[in-house]
Amino acid sequence: MIVVRQREELARALAPVRAANRRIGFVPTMGALHEGHLSLVRLARERSDFVAASIFVNPTQFGPHEDLASYPRTPEADAAALAAAGCDLLFLPEVAAIYPPGSSTRVRVEGPSRGFEGERRPGHFEGVATVVTILFGLLRPDVAVFGEKDAQQLAVLRALVADLGLPIEIVAGPTVREPDGLAMSSRNAYLSPDERRRALVLARALDGARRAIVAGERDAATVVALLRAAIAAEPGVELEYAAAVDPVSFTPVSTLAGEVVLPVAARVGTTRLLDNLRLRVAERTKADETVVPAGAASEGASPCAAR
């Protein structure tokens, strides 16, 4: 696996790949990699001829009181894991390689960035959209793969690609979970053993919502109330939001039909965790035929920093 750190090195490494008309797949990450990230690399391998990944802890998407300084950084272990997963190139830039001195351009995506993470983390999605746009410009991938766990981020980046007319296929990889159901996240390392146990309430609550929908419930407010009650019942877990939204606009829906996302966010101790459930809900109400997973790899050329 090639490892490059500067823009010029990256351009030289990718030039022969482009000259050979090889399809480039790209997985942007912030490092501290786990099986969820590596599943995205393998998905990129299936969709392309050459796989590039980046590791960059992007300062512009962290707020003033967030965990930029303490965010886990394990570049050597990450590089080894990427190579083993089939990655061909790792872009490992310093901040100045992404934001050169005097850099003043920022990218803001309206619409799906409103509410939820956008409300609780002002400037977060502007930072995400900006760094992803820069990385897209530097790598010019044919395919970019992001995880479904960050559902609102996925909606924002789909809108970015569509609005700017970028010739990039966005592929979504399904959330990867621990055997007990906890969604994999780099921030799980912050959890104490007791907090780790309490964090399982997010997956349990989402599964309870799924079962209610399978049984025929179509009222979004009822399903959201079930989510909120299940999470609120767990001591030491502070719910920030639970909702039922359209996966493209990320606006709340009143009736569950078609593709729907149920996003949740909560603090477990001092650690903030996200999870969600993506469903395709049929209009008919016959049990066990009403709900199917929304797709392991939702995609589209036009509808990021997996974490």
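The values are calculated or read from the model by the stated rules, or taken from the named source; none is laboratory data. Keep in mind that this is a model prediction, so the values were computed, not measured. Note: ideal-geometry Cβ built from the backbone for every residue, glycine included; neighbour counts use all protein chains shown.
If I filter the range 1-10 down to residues being in a helix (DSSP H, G or I) and in contact with a helix residue (DSSP H, G or I) (Cβ under 8 Å, 6 or more places away or on another chain), which single residue comes out as farthest from PHE26 (Cα to Cα)?
Among those residues, the one meeting the criterion is ARG7.
Conditions tested, residue by residue: (1) at negative phi; (2) surrounded by fewer than 21 Cβ atoms within 10 Å (Cβ to Cβ); (3) in a loop (DSSP other than H, G, I, E, B).
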{"site": "ARG114", "(1), (2), (3)": "yes, yes, yes"}
{"site": "GLU119", "(1), (2), (3)": "yes, yes, no"}
{"site": "PRO122", "(1), (2), (3)": "yes, yes, yes"}
{"site": "GLY127", "(1), (2), (3)": "yes, yes, no"}
{"site": "THR133", "(1), (2), (3)": "yes, yes, no"}
{"site": "PRO141", "(1), (2), (3)": "yes, no, yes"}
{"site": "ALA144", "(1), (2), (3)": "yes, no, no"}
{"site": "LYS149", "(1), (2), (3)": "yes, no, yes"}
{"site": "GLN153", "(1), (2), (3)": "yes, no, no"}
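Would you pick out the residues in the range 248-281 that are of a type in the set (Ser, Thr, Tyr) and under 23 Å from ALA162 (Cβ atoms)?
SER249, THR251
Being of a type in the set (Lys, Arg) and surrounded by fewer than 17 Cβ atoms within 10 Å (Cβ to Cβ) is the filter; apply it to the range 242-284 and report the residue that is farthest from ALA212 (Cα to Cα).
ARG267
Tell me which of these LEU226 doesn't satisfy, since it passes every other one: (1) out of contact with any Pro (no Cβ under 7 Å at 6 or more places or on another chain); (2) in a loop (DSSP other than H, G, I, E, B); (3) not β-branched (Val, Ile, Thr).
Evaluating LEU226 over (1) out of contact with any Pro (no Cβ under 7 Å at 6 or more places or on another chain); (2) in a loop (DSSP other than H, G, I, E, B); (3) not β-branched (Val, Ile, Thr) leaves (2) as the failure.
I'm checking my understanding of the structure. Among residues of the range 167-221 that are assigned to a loop (DSSP other than H, G, I, E, B) and of a type in the set (S, T, N, Q), which one is surrounded by the fewest Cβ atoms within 10 Å (Cβ to Cβ)?
This residue is SER192.
Looking at this structure, is ARG73 surrounded by 15 or more Cβ atoms within 10 Å (Cβ to Cβ) and among the basic types (Lys, Arg)?
No; evaluated as a whole, the condition is false for this residue.
Does PRO100 satisfy the criteria of being over 18 Å from the mean Cα position of the chain (by Cα), surrounded by fewer than 21 Cβ atoms within 10 Å (Cβ to Cβ) and outside any helix (DSSP H, G or I)?
yes
Does the range 277-287 contain at least one residue that is at pLDDT 95 or above and either in the same structural domain as ALA44 (by TED's automatic domain parsing) or charged (D, E, K, R) (or both)?
Yes, the range 277-287 contains at least one residue that is at pLDDT 95 or above and either in the same structural domain as ALA44 (by TED's automatic domain parsing) or charged (D, E, K, R) (or both).
Any residue that is at pLDDT below 95, over 26 Å from ASP163 (Cα atoms) and assigned to a loop (DSSP other than H, G, I, E, B) - is there at least one of those in the range 289-307? Spell out how you get there, then give the answer.
Here is the first cut: in the range 289-307, the residues at pLDDT below 95 are 289-307.
Okay, now just the ones that are also over 26 Å from ASP163 (Cα atoms), so 289-293.
Checking the rest, the ones that are also assigned to a loop (DSSP other than H, G, I, E, B) come to 289-290.
Yes: the range 289-307 contains one or more residues that are at pLDDT below 95, over 26 Å from ASP163 (Cα atoms) and assigned to a loop (DSSP other than H, G, I, E, B).
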